[in-house]
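Notes follow once the structure below has been shown.
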Amino acid sequence: MQGASLENESGPNEKQADADIQPDGESILETQPPTTTTSAEASLSGAKAGDIVYLGIYEQDGKEENGKEKIGWLVLKEEDGRLLLISEYGLECIPYNKLYGDVTWENCSLRYWLNNDFYNETFSPSEKELIVQVLLDNDDNPTYGTEGGIETKDNVFLLSIEEANIYFPDDVERRAKITPYVIGNGCYHIVDNEAWWWLRSPGNYPTCAAKVRPDGIIHEAGYYATETYTDAVRPAIWIKPKK
């Protein structure tokens, strides 16, 4: 499995970091699980790479009065009965990190938000049982050598530069649109609502994070991690569907 291990379910050590450790300077409030749930069991059965499956709910059409919408996930890989999924659309537009300074995936505020706020708001208890916590390799930037930090254990994560290259066959397939909700929140986008989206890898400096451009090209240099209203978030998860 590229960039992640499903074997290590032990507690963190000095070279691993759990996502429930709040980053310095953050005061994100805990959120409650949604009062409504969705059933995605049927759509997960027999899914393969390239399919769209549905799991969890999140505001997407920008009309909060009609409730949250089901999230579509693109299947990137099937391995040993498990599926690697990435959201079909950019679901949010928030900074990689709220505070300016050197940062890695381990201690960025976006990682905390994904594994706490997003995880709890989006998935029902039964859906959480499908999600597999993984041990992620956080490699250095392949071009600039910027340190990627230690391994982390995550339920929800972003793809790395390497994974974005492996799982998408070309730049066209790597393009991503954002939802009306994200557009309404002011996220930058071009024609057809295509937008930049974050990767978890570092950029050319420790204050930067890599990203994917609206045309699908991976921007390894990235830009400042504190950018606001510029970059969308495409969460990724590993799940093990029930038989």
**OP:** Would you check if there is a residue in segment 67-80 being farther than 30 Å from Tyr224 by Cβ, buried (at least 22 other Cβ atoms within 10 Å of the Cβ) and among the hydrophobic types (A, V, I, L, M, F, W, C)?
**Re:** no
Original post:
Looking at segment 91-148, which of the residues that are among the basic types (Lys, Arg) and within 20 Å of Tyr223 (Cα to Cα) is farthest from the chain's Cα centre (by Cα)?
Top reply: Lys98
Original post:
Any chance segment 44-57 includes a residue that's in contact (Cβ under 8 Å) with a residue 60 or more places away in the chain, out of contact with any strand residue (DSSP E or B) (no Cβ under 8 Å at 6 or more places or on another chain), within 16 Å of Leu130 (Cβ to Cβ) and surrounded by fewer than 16 Cβ atoms within 10 Å (Cβ to Cβ)?
Top reply: yes
**OP:** Return the total of residues in segment 125-152 being part of a strand (DSSP E or B) and surrounded by 22 or more Cβ atoms within 10 Å (Cβ to Cβ).
**Re:** 3
Original post:
Which pairs have Cβ atoms under 7 Å, sit 6 or more apart or on different chains, and link a residue in segment 217-243 that is in contact (Cβ under 8 Å) with a residue 40 or more places away in the chain and charged (D, E, K, R) to one that is in a strand (DSSP E or B) and surrounded by fewer than 20 Cβ atoms within 10 Å (Cβ to Cβ)?
Top reply: Lys240/Arg82; Lys240/Val132
Subject >> Matching residues in segment 55-82 - criterion: being over 18 Å from the mean Cα position of the chain (by Cα) and basic (Lys, Arg) >> reply: Lys63, Lys68
**OP:** Could you pull out the residue among Leu76, Leu99 that is closer than 24 Å to Leu136 by Cβ, in contact with a strand residue (DSSP E or B) (Cβ under 9 Å, 6 or more places away or on another chain) and either modelled with pLDDT of 95 or more or assigned to a strand (DSSP E or B) (or both)?
**Re:** Leu76
**OP:** Looking only at segment 155-184, count how many residues are among the hydrophobic types (A, V, I, L, M, F, W, C) and surrounded by fewer than 16 Cβ atoms within 10 Å (Cβ to Cβ).
**Re:** 2
**OP:** Could you please find all residues in segment 192-231 being buried (at least 18 other Cβ atoms within 10 Å of the Cβ), of a type in the set (A, V, I, L, M) and more than 13 Å from Leu159 (Cβ to Cβ)?
**Re:** Ala195, Ala225
**OP:** Answer yes or no: is there a residue in segment 111-119 that is within 28 Å of Glu78 (Cβ to Cβ), in contact with a Phe, Trp or Tyr (Cβ under 9 Å, 6 or more places away or on another chain) and in a loop (DSSP other than H, G, I, E, B).
**Re:** no
**OP:** Quick one: which strands (runs of 3 or more DSSP E) lie wholly within segment 164-243 and hold at least 1 residues that are aromatic (Phe, Trp, Tyr) and in contact with a strand residue (DSSP E or B) (Cβ under 8 Å, 6 or more places away or on another chain)?
**Re:** 196-202, 218-224, 236-239
Subject >> Selection from segment 142-176 of residues that are in contact with a Gly (Cβ under 7 Å, 6 or more places away or on another chain) and touching a residue at least 60 places away in the same chain (Cβ under 8 Å) >> reply: Thr146, Ser160, Glu162, Glu163, Ala176
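The values are calculated or read from the model by the stated rules, or taken from the named source; none is laboratory data. Note that the structure is predicted; figures quoted are calculated from it, not measured. Heads up, the Cβs are rebuilt from the backbone with ideal geometry, glycines too, and the neighbour counts pull from every protein chain shown.
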